[in-house]
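Rule-based calculations on the coordinates, nothing more; no lab input. None of the values given here were measured: they were computed from a predicted structure. Don't worry about glycine lacking a Cβ; one is built from the backbone with ideal geometry, like all the others, and counts go over all protein chains shown.
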Ligand SMILES: Nc1nc2[nH]cc(C(=O)O)c2c(=O)[nH]1
Ligand code: SF4
Ligand SMILES: [Mg+2]
């Protein structure tokens, strides 16, 4: 573990603002899909995608913040994960990097406890040196125009470049229709993104399968990868899977 002056030593008593913890389940998306995983879903997000499937992590006009969130100490999260044989811990949100320093402490302590850590992020925030130096993998889901979020908010060149510099980083785009793929190609050319995963939008098994079928051939031609949302195919749009 590298502890720099900018990054204080882990203080496990400190809290993260958590939406939910669940698992073991399967990582449903991207490069590790199908692998057994535990999930820590952190609260709060800096975007507001119109099709967000986890608005209970951030949309306090619809959801009750005090009922939907809890402060959980880093050590309690590590103890919870250590209680399972499952090796992979996925930290998602919301946007986990809004709690960057404490997230860094959590990731480092989970790795010391023998876990592998993946962070699902929207690619708008820079991870920081200590997190970049850890073994954590970043599944970065930069949002496209159909999210309804302005380009200024969803495309942050400084954050994308910082993430693209890291080897343990992959790019996972939520796609609604084949016409969205050109937008990904533009980002690929501009920032040198690699590897790219295309994932269907949707929270129903039939609709995600239909989108994947419509995308598959063009994703192959472009040299990218395709991922289902395995948990949606298995269990539908329920929380905690
Ligand atoms: N099984 C399962 N896999 C997932 N991969 C990413 C998820 C997310 O909500 O970010 C997720 C999720 O919510 N469930
Ligand atoms: S970035 Fe993710 S959590 Fe945030 S609003 Fe968009 S889909 Fe929801
Ligand atoms: Mg989800």
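Past the 28 angstrom mark, what percentage of all C-alpha to C-alpha distances in the chain do you count? Don't jump to the answer; show the numbers that get you there.
On the way: 8249 of 28920 pairs.
For the chain, the fraction of Cα-Cα distances above 28 Å is 29 percent.
Is the stretch 161-241 best put as rounded, prolate or oblate by its Cα gyration tensor, with a ≥ b ≥ c the root eigenvalues, rounded for a/c under 1.5, and otherwise prolate when a/b is larger than b/c, oblate when not?
It comes out oblate by the Cα gyration axes.
Highest first, please rank the peptides 55-64, 122-131, 41-50 by the mean number of other Cβ atoms sitting within 10 Å of their residues.
Result, highest mean first: 122-131, 41-50, 55-64.
Mean separation of Cα pairs under 8 Å and 6+ residues apart, divided by the residue count of the chain: what relative contact order is that in percent?
Details: 470 pairs, mean separation 47.6, N = 241.
Rounded, it is 20 percent for the chain.
Please give the peptides 162-174, 97-109 ranked by average Cβ packing (other Cβ atoms within 10 Å per residue), highest first, as a rough proxy for protection.
My ranking of the peptides, most packed first, is 97-109, 162-174.
If you average the C-alpha positions of the stretch 186-216 and of the stretch 49-105 separately, how far apart do those two centres end up, in angstrom?
Centre-to-centre distance over Cα atoms comes out at 25 Å.
Rounded to the nearest 5, what is the percent of antiparallel bridges among the DSSP beta bridges in the chain? Provide the component values of the computation, followed by the final result.
On the way: 10 of 33 bridges.
Percentage antiparallel, nearest 5: 30.
Taking only DSSP H segments of four or more residues, each worth -39500 (n - 2.57), what value at 222 nm results for the chain once the sum is divided by all its residues, to the nearest 500 deg cm²/dmol? Display every interim value, and only then the final one.
On the way: 9 runs with 77 residues, N = 241.
It comes out at -9000 deg cm²/dmol, rounded to the nearest 500.
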